[in-house]
């Protein structure tokens, strides 16, 4: 191919990866893209190509070539698994939250952080990082005194005010510290939810734009429902637990998709266990002081998250990627920039 002439193998892989990332978006109805796929799932999918989430799995892509991720490494060089995991956690916060701060709601911010903490726990457990058994251990050693967790910077502009307006905290460090679930749960327990999150992303990546695509994703939906039930049956998390947000986030994202497929004529997606359709929220020490006054807002939060995180939170992308040929024509020029946003 003419456009690949002179491009190194590593850069060519990045171009192919980028095309793969937008393929599912391009199959959606004009100007409509499922938010969970393009932002939440999309960024995790990108990261896995640079930092695999399976033992023994290798990649031809260099970790430091993933956009500006090396800026979060000690002296811009991540030498250990722990360095890479910490840098990747910060990269995810930047890509999913900071870069989209103005368009996210309070509920979406919390949902993003929940998914990132699930990923973080899974990777720490996978790599068997020494002396980190709870997320609070990671906080004390790698978040507490890390300035990257105390700054919110979007394209050179301070976004701390926006973060505080929507999250109630000036920075990610404060939110994590005050979050009882994050600070108390073990990484082994939290990591159990990662497989369910990946299955959810697989369903959304399948398209779900018509009855046939929903039917095609039925098997994955059944696997998700089974995994969800296993997690529910084996979990000590109750409706009033500070960690009930984990189940709430997963169930609302799944149920929104199930509702959409029902509307398309595919009614076979299995329901989730009713006893774990939890109405709750991420509880912090701040929440406790106003728990009563917020009691009635919890159900509203569940409904809002269900609608806004998937069904109604849509972003225009087809205007940017009008057609694959156009993208291919400019791929060489942008191949060093596509992950720097």
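The values are calculated or read from the model by the stated rules, or taken from the named source; none is laboratory data. On a predicted model such as this, the values are computed, not experimentally measured, just so you know. As a convention, Cβ positions derive from the backbone with ideal geometry for all residues, glycine included, and neighbour counts pool all protein chains shown.
Quick notes on this one:
- Criterion: within 22 Å of residue 63 (Cα to Cα) and within 12 Å of the chain's Cα centre (by Cα) - qualifying residue of 120, 109: 120
- With respect to being in the same structural domain as residue 249 (by TED's automatic domain parsing) and either surrounded by fewer than 21 Cβ atoms within 10 Å (Cβ to Cβ) or on the phi < 0 side of the Ramachandran plot (or both), residue 217 fits the description.
- Residue within the range 67-78 that is within 17 Å of the chain's Cα centre (by Cα), in a helix (DSSP H, G or I) and within 21 Å of residue 194 (Cβ to Cβ) present: yes
- Here residue 151 meets each of (1) surrounded by 17 or more Cβ atoms within 10 Å (Cβ to Cβ); (2) in contact with a strand residue (DSSP E or B) (Cβ under 9 Å, 6 or more places away or on another chain); (3) within 21 Å of residue 107 (Cα to Cα) with one exception, condition (1).
- The range 232-265, subset over 18 Å from residue 107 (Cα atoms) and surrounded by 19 or more Cβ atoms within 10 Å (Cβ to Cβ), residue nearest to the chain's Cα centre (by Cα): 258
- Subset of the range 186-224 [closer than 30 Å to residue 130 by Cα and not in a helix (DSSP H, G or I)]: 186, 192, 193
- Any hit, the range 135-143, residues being buried (at least 22 other Cβ atoms within 10 Å of the Cβ), under 19 Å from residue 245 (Cα atoms) and at pLDDT 90 or above: yes
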